[in-house]
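Readers should treat all values here as calculations from the given coordinates under stated rules, not as data from a laboratory. Remember, predicted model here, so these are calculated numbers, not experimental data. All Cβ positions, even for glycine, are placed from backbone atoms using ideal geometry, and neighbour counts span all protein chains on display.
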Amino acid sequence: MRAAVLHDAKDIRVEEVAEPGALGPQDVRLKPFWCGICGTDLHEYAVGPIVIPTQPHKLNGSTAPQILGHEFSAEVLEVGKEVRSVRAGDRVSVMPLLFCGACYFCQRGLNHLCTSMACVGLSDAWGGIAEQAIVHESKVAKLPDTMSDIQGALVEPTAVAAYGVDKAQVRPGDTVLVTGLGPIGALASLYAASLGATVYMSEVNPKRQELARSLDVGELLDPRSTDVAAELRDRTGGIGVDAVIECSGNEIALQTALASVRASGSISQTGLHTKPAAIDPMVLSERDITLRGTWCYPVTDWPRIIDLIGRGRMDVEKVVSAKIDMADIVEKGFETLLSPTGDQVKVLVRAS
C-alpha cells in the first residue's frame with residue numbers, strides 16, 4: 001500500500017509499504033480519507049526527528065521511519081471479533097493518543113500526560129496518510145451523517161483548540177482575545193464564539209488575516225498598525241479582556257496577552273514555543289493573572305467535539321486552505337507550509 005513515510009529531516013517519501021496484518025480482537029482496520037498536516041509534523045520534517053522515536057518507544061516499540069498523520073477521518077474496513085462500537089462501512093474520526101493506563105497521570109484521568117504517551121502517526125506502527133491503518137477500537141468515534149469526511153479530519157485540531165479555550169474558563173458573555181490565527185487560533189476563535197463569547201483576533205500574516213475575516217466570528221486587530229492591548233482596554237472601559245488564548249507561540253504575542261487581559265483574568269498558552277520567552281512575572285502577581293499551559297486535549301473529548309461540529313455549531317471547514325493528493329505532500333504540503341512566502345494555512349492530504 002502507499003504511505004507517506006518520514007525517514008529523517010527533509011526526507012518524506014511516498015512509497016509502498018506492507019499492509020497491516022491480522023487484527024487483534026479489539027482492533028479496527030481503517031481506510032483513511034483525509035489527514036491534516038499539523039505543526040508537529042512540520043517540526044519533525046524541518047528539524048526532526050523530535051517526537052518520532054529513533055530508538056524503540058517504551059510504550060509500543062515503534063521507531064523511525066514513521067508513517068505520518070494523526071489528524072484523520074477514515075472508513076472502517078474490518079473489525080476484530082470483540083469490537084462492538086463500530087462495524088465495516090462506518091465513518092470515523094481517530095483520537096490518536098496512546099497511553100499506558102497505569103502511570104500516575106493515567107490513573108487520575110490525565111491520559112494526555114501519560115509518562116509513556118505515544119501517538120498514531122508520530123510514534124506508532126501506523127499513521128493516517130496511508131491507504132490503511134490499524135487502531136484500537138477505543139481510538140475511533142463514529143461520525144454522524146451530518147458531518148463530512150473533511151470535518152472528521154478536523155476533530156483532532158478542534159479538540160486542541162477547544163481545550164485551550166476551556167482551560168481559560170471562557171463563559172458566555174466573556175470578551176476573548178485570540179493571538180495567532182493559524183489553524184488552531186482559527187478553531188479557537190470559532191469555539192469561543194460558539195460558547196457565546198465576544199471574540200477579538202490578532203494576526204500579522206496577510207493570508208491568516210484573510211482567514212480570520214472569513215470566520216465571521218469577531219473583529220480582527222492588526223498589531224502592525226494597532227496597539228492591541230491599548231485598543232482592547234479602550235473597548236472594555238479600561239478593564240481588559242476576560243481571557244486570552246495565545247496560539248502563536250510567539251514572545252511578543254505572549255507579552256500582548258499579559259497586557260491585554262484584565263486583573264484576575266486567564267491566559268491559555270496553546271501555541272507551542274520553540275524557544276524561551278521573556279515575561280515580567282510581577283505582572284502575574286500584581287494583577288492576579290492566571291497563565292495556564294495546555295498539552296493536547298482530554299482523550300474523552302471526541303464525542304463532544306463531534307457533536308458540536310455535527311450540529312453546525314462550528315463551521316470548521318473554513319480553516320482549510322488547500323486539499324492535496326498524497327503524491328504532492330512534500331511540495332504542496334510541507335514545503336509550502338514552511339515557506340515564509342507560502343500562501344497556505346491548513347492543508348489536508350487525500351490519504352487514499
query: So what is the calculated 222 nm ellipticity per residue for the chain, using -39500 (n - 2.57) for each DSSP H run with n of 4 or more, over all residues, to the nearest 500 deg cm²/dmol?
result: -7000 deg cm²/dmol
- line: Taking a crude spin-label model, label points 7 Å out from Cα along the C-beta direction, the Glu251 to Asp307 distance in nm is 4.4
query: Fully extended, how many nm does the chain gain between Ser214 and Ser264 (0.36 nm per residue separation, minus their Cα-Cα distance)?
result: 14.8 nm
- request: Mind checking which aspartates and glutamates have their Cα closer than 16 Å to the Cα of Lys167? Skip sequence neighbours fewer than 8 apart in that chain.
  value: Asp242, Glu246, Asp301
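Longer than 27 Å from Cα to Cα, which of Lys81/Lys318; Lys10/Lys275; Lys58/Lys142 are they? Say none if no pair is.
Cα-Cα > 27 Å for Lys81/Lys318; Lys58/Lys142; rest within.
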- prompt: In nanometres, what is the gap between the two model label sites at Asp145 and Thr63, each 7 Å from Cα along Cα-to-Cβ?
  reply: 4.9
message: Using the Cα centre of the chain as the reference point, and only Cβ charges (+1 on K/R, -1 on D/E), how large is the resulting charge dipole? Debye, rounded to the nearest 20.
response: 640
- prompt: Around Leu291, which amide H atoms from residues at least 5 apart in sequence, or from another chain, sit under 5 Å from its own amide H, with H modelled in the peptide plane?
  reply: Ile267
message: Cross-link candidates for Lys323: which lysines have Cα within less than 17 Å, leaving aside residues fewer than 8 places away along the same chain?
response: Lys207, Lys332, Lys346
- line: Computed D for the range 1-142, Stokes-Einstein, Kirkwood radius over alpha-carbon pairs, 4 °C, 1.567 mPa s, to the nearest µm² per second, is 85
Estimated vicinal HN-Hα couplings, Hz - the range 145-154 in sequence order (Karplus 6.51, -1.76, 1.60; Gly, Pro = x): 4, 6, 10, 7, 4, 5, 4, x, 6, 9
- request: Quick one: dipole size for the range 55-200, taken about the Cα centre, charges +1 on Lys/Arg Cβ and -1 on Asp/Glu Cβ, in debye to the nearest 20.
  value: 440
- request: Please give the peptides 200-210, 224-234 ranked by average Cβ packing (other Cβ atoms within 10 Å per residue), highest first, as a rough proxy for protection.
  value: 200-210, 224-234
From phi via Karplus (6.51, -1.76, 1.60), per-residue ³J(HN,Hα) for the range 52-67 in Hz, x at Gly/Pro: 4, x, 9, 10, x, 5, 5, 7, 9, x, 5, 7, 4, x, 10, 5
field: Cα-centre dipole for the range 13-71 with unit charges at Cβ (Lys and Arg positive, Asp and Glu negative), debye to 20
entry: 140
